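Any read-out appearing in this document is the output of simple, stated calculations on the displayed coordinates, not a laboratory observation. Keep in mind it's a predicted model, so treat the numbers as computed, not measured. Here the Cβ is made from the backbone with ideal geometry for all residues, glycine too, and neighbour counts use every protein chain on show.
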Amino acid sequence: MNVTFKALGALLTYPSPELQSAIDELAAAIDADARVPSREKAALHELLTELAGGDVLSLQEGYVELFDRGRATSLNLFEHVHGESRDRGPAMVDLMQVYSRAGLTLSAHELPDYLPVMLEFLSQRPFEEVEEMLTDCAHILRNLGDALRSRGSRYDAVPAALLAMIGADGLSEPVSETQGVAAGMLDEKSLDEDWMDAPVIFGPEGAPDCKSAQPSPAVIKFMPRQR
């Protein structure tokens, strides 16, 4: 099991006393993974420290304000791909089937495109599949991380670590405080339009050159709109 992905997914979940009590365990899993570079580990430790020492109610309020108030920082990946278009429903069903074929069953309230859920799934897959799926959605992880960084959030350490683990281009360099405030005031509707109505391909249709008789459970294509 790739426990690092499970740990990174846990860091993105709603803050709780249970999460705080598991901080040492999450830190140990991250520190033990040589695929996480030292720079990204240091940033993750800053997030771990913030979560461990913060007041739970304050952490929860900040979490909701950060992740539930706009698409740019949404942890639901298809928000970045489909927005509110009707294509999102079939894509969710297809992703549920990908998880089901791999033996992962979600509870009724869990959405399959929620990044912590996807990382839970990836923690159970071979790294080759992990690398393929994360590479396919690297542009989304990068945009998410840049949006978090522009808001001064230490949560940007998680997408930065995921990108580093697969050798993808990292986040943009940190911006000044003035630039960050300006970025937070941009019209998200205009930003989000670039990610709407884009195709998502699941299963063998997403890898026509695959020779295996068994469909790969981790083939997912997240493609931005072509300009």
Would you pull out the residues with amide H under 5 Å of Tyr114's amide H, same chain only if 5 or more places away, H placed 1.01 Å from N? Leu77
Neighbour-limited loop hits for chymotrypsin sites (Phe, Trp or Tyr not before Pro), region 46-82 (at most 10 other Cβ within 10 Å; DSSP other than H, G, I, E, B): none
For region 16-125, listing trypsin sites (Lys or Arg not before Pro) in a DSSP loop whose Cβ sees at most 11 other Cβ atoms within 10 Å gives Arg69, Arg86
Can you work out the Karplus-derived ³J(HN,Hα) for every residue in region 14-21? Use 6.51 cos²θ - 1.76 cosθ + 1.60 with θ = phi - 60°, whole Hz, and x for glycine or proline. 4, x, 7, x, 5, 5, 4, 5
Zone of His109 (label point 7 Å along Cα→Cβ, backbone N under 14 Å): which residues in region 1-42? 14-16
Contact order relative to length of region 1-126, as percent, for alpha carbon pairs under 8 angstrom and 6 or more apart: 41 percent
